[in-house]
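The values are calculated or read from the model by the stated rules, or taken from the named source; none is laboratory data. Keep in mind it's a predicted model, so treat the numbers as computed, not measured. Glycine also receives a Cβ, built like all others from the backbone with ideal geometry; neighbour counts cover every protein chain displayed. Just the protein is used for accessible areas: all its heavy atoms, side chains included, with ligands, DNA and RNA removed. Shrake-Rupley method; radii C 1.70, N 1.55, O 1.52, S 1.80 Å.
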2 protein chains.
Amino acid sequence: MEIGQHISQRYNEELEDIRNKVLQMGGLVESQTEKAIKALLEHDQELAKEVSTSDQKVNQMEVEIDEDCTRVIARRQPTASDLRLVIAVVKVITDLERIGDEAEKIARYSKKLAKNPSVVDTHSELSHMSTLVLSILHDSLDAFARLDADEAVLILGRDTQINKEFDNLSRLLMTYMMEDPRHIKNALRVSWCARSLERIGDHAQNICEYVIYLVKGKDVRHTSLEHIRSKYFPQDNVDIIETISNDQSEV
Amino acid sequence: MEIGQHISQRYNEELEDIRNKVLQMGGLVESQTEKAIKALLEHDQELAKEVSTSDQKVNQMEVEIDEDCTRVIARRQPTASDLRLVIAVVKVITDLERIGDEAEKIARYSKKLAKNPSVVDTHSELSHMSTLVLSILHDSLDAFARLDADEAVLILGRDTQINKEFDNLSRLLMTYMMEDPRHIKNALRVSWCARSLERIGDHAQNICEYVIYLVKGKDVRHTSLEHIRSKYFPQDNVDIIETISNDQSEV
């Protein structure tokens, strides 16, 4: 899929400009998430403070991109894939802004955790979960940058692993809480951070759904993964079947 | 502000139709939230189950309204207040869908709480918080239905009270958890429900911001309440100043 095939050079530039701004916003949000996680894992209060203050920039970008989209619709009256791009952008930036909010929350709890050290040790579980979340976020933004629906569909469903990690972490936190009431406060703080991480994963998945909508013109929200793969990505299915067949040495 | 002043009768109908669908979706989400809260407060497992299954209808409406909006943009090329309506709708339904998700989560935890009765008694606090959340949700939808920016701006800031209730409830839950480790599981479930209630309040506030955008043409997200009131609703400020003056018996 290509953008920028219009007779009006200015129109091309406007669409390209919107897309670039979204990528920039995505980059900012990704870096905020990374910093928030680093602050959490390394008890870095300074870094946590930095994340809290940079949320304003993300908010500002959301408002600005929304305005650009409205202006393009009003002036250029986009149709087909151009319109889908604009609508997808309007949706994607809402998710990006909320990822920024979650990163800010993680930073806020990180500050409290750093100030009140305790024996609640969930470093390895949090670190594992964070790696998954960051990789899904990164890949989703990448799929958006390259308008790659194939990549987007591969990312869908990867949050199952995050949810599993979240459940395991919750069980671990529960044991700390039961062991000693003095662990409860910090265990709850870690739990809120984990919930925020999980939500970042959800938002990243939403971004992938918008990429598929943008490229394929199909709204795949609230649709089962099997249905999406078999209907819009039949090639993937062939690959999967082939893999299975190969595994069974039948081919 | 009025909708439906177009020469094309069909276009009027299309916009009116979109607005009606949003109101319908809002009604459904509101009723789901009410049911989820009732299930939570009255330990009603059947009702909780009902909420879990009706989320699909909300999702379906979101997709349908989004399609309608895209179609209207492509065919009618709306500008000015019509375009703002369409953009506001695209945003509002995302919030409505997420309110539906939160209601579903409350219902899910309610089922578990009903199955595992315990002494964790937060009925009065939850009930208090729920009343606030339902009233903000109801009033936001009402402001959208009547395109009433004055009402919308009055609702903004009302979530401060919800946040206060949430903090109090969290403290109470903490005492239960510290008292007896056997309370921890249920206390956490109540805590997740309270967090969902708080989020529903946030989404309702977002809806108000979109109503203000729709009517006044100004994006007021991420803007302080004082700034919004003084800039776009100067009359309110006069009222507030008068009230204060009256209170101080200076007038």
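Surface calculation, 1.4 Å probe, protein heavy atoms: B:Lys112 sits at approximately 100 Å² accessible. Per-residue extension of 0.36 nm, minus the Cα-Cα distance of B:Gln161 and B:Leu41, leaves a gain of 41.2 nm for this segment.
Largest GNM mean-square fluctuation across A:His227, A:His138, A:His43, computed for chain A with C-alpha springs under 10 Å, falls on A:His227. With its label point put 7 Å out from Cα toward Cβ, A:Leu225 sits 4.3 nm from the same residue's point in the other copies, in order from shortest.
Each of B:Val86, B:His222, B:Val58 was scored by the projection of its Cα onto the charge dipole of chain B, and the greatest displacement toward the positive side belongs to B:Val58; charges sit on the C-beta of Lys, Arg, Asp and Glu.
Of the accessible area of region B:29-141, with the probe set at 1.4 angstrom, what percent is carbon plus sulfur?
The computed percentage sits at 47.
Shown for A:Leu23: label points 7 Å from Cα along the beta-carbon vector, and their distances to the equivalent points in the other copies, 4.4 nm in ascending order.
Legend: residues in region A:60-87 shielded by at least 20 square angstrom of accessible surface upon adding the remaining protein chains to the isolated chain (1.4 Å probe, heavy atoms) are A:Glu62, A:Val63, A:Asp66, A:Thr70, A:Ile73, A:Ala74, A:Gln77, A:Thr79, A:Leu83, A:Ile87.
Once you keep just the Cα pairs under 8 angstrom separated by 6 or more residues, what percentage relative contact order results for chain B? Provide the component values of the computation, followed by the final result.
Numbers: 295 pairs, mean separation 55.7, N = 251.
Relative contact order here is 22 percent.
Only DSSP H runs of four or more residues enter the estimate; each adds -39500 (n - 2.57), and after division by the residues of the protein assembly as shown the mean residue ellipticity at 222 nm equals -29000 deg cm²/dmol.
Of all the options B:Lys57, B:Lys49, B:Lys231, the one that moves most in a Gaussian network model of chain B with Cα springs shorter than 10 angstrom is B:Lys231.
On a full-extension model of 0.36 nm per residue, what is the gain between B:Ser118 and B:Ser8, subtracting their alpha-carbon distance, rounded to one decimal in nm?
Values: separation 110, 0.36 × 110 = 39.60 nm, distance 6.16 nm.
Extra length from B:Ser118 to B:Ser8 when fully extended: 33.4 nm.
Each other copy holds its own label point for B:His6; taking that point as 7 Å from Cα along Cα to Cβ, the gaps run 2.1 nm, nearest first.
Strictly over 25 Å apart at the Cα level, which of B:Lys91/B:Lys216; B:Lys57/B:Lys185; A:Lys105/B:Lys115 would you flag in this model?
Working: B:Lys91/B:Lys216 16 Å; B:Lys57/B:Lys185 31 Å; A:Lys105/B:Lys115 32 Å.
In this structure, B:Lys57/B:Lys185; A:Lys105/B:Lys115 lie more than 25 Å apart at Cα.
The listed residues A:Arg171, B:Arg108, A:Arg189 rank as A:Arg171, B:Arg108, A:Arg189 when sorted by accessible area, largest first, using a 1.4 Å probe.
What does the charge count around B:Val220 come to, taking other residues whose C-beta lies under 9 Å from its C-beta (Lys +1, Arg +1, Asp -1, Glu -1)? Cβ neighbours under 9 Å give a net charge of +2. Ordering A:Asp139, A:Asp17 by accessible surface, largest first, gives A:Asp17, A:Asp139; the 1.4 Å probe counts only protein heavy atoms, with every chain in place. At the residue level, B:Tyr176 shows approximately 40 square angstrom of accessible surface with a 1.4 angstrom probe and all protein chains present.
Note on A:His222: accessible area is roughly 90 Å² with a 1.4 Å probe, heavy atoms of protein only. Averaged over its residues, region A:9-249 has an accessible area of 43 Å² per residue, based on protein heavy atoms and a 1.4 Å probe. Just to be sure I understand: with springs between alpha-carbon atoms less than 10 Å apart, which residue in B:Gly100, B:Gly157, B:Gly26 has the highest mean-square fluctuation in the Gaussian network model of chain B? Its mean-square fluctuation being the largest, the pick is B:Gly157.
Once you have the Cα-Cα distance between B:Arg71 and B:Lys49, take 0.36 nm times their residue separation minus that, and quote the gain in nm to one decimal. Don't skip to the end; give the middle numbers.
On the way: separation 22, 0.36 × 22 = 7.92 nm, distance 3.53 nm.
This chain segment gains 4.4 nm when fully extended.
Summarising the rotation from chain B to chain A, the nearest chain B beta-carbon to the axis and its distance in Å are given as B:Gln77, 2. Across A:Arg199, B:Arg10, the residue with the most accessible area heads the list, and the full order at a 1.4 Å probe is B:Arg10, A:Arg199. Here A:Lys164 is the anchor, and the aspartates and glutamates within straight C-alpha reach of less than 13 Å, apart from those fewer than 8 places off in the same chain, are A:Glu125, A:Glu198. Buried between B and A is an accessible area of approximately 3600 Å², summed over both sides with a 1.4 Å probe.
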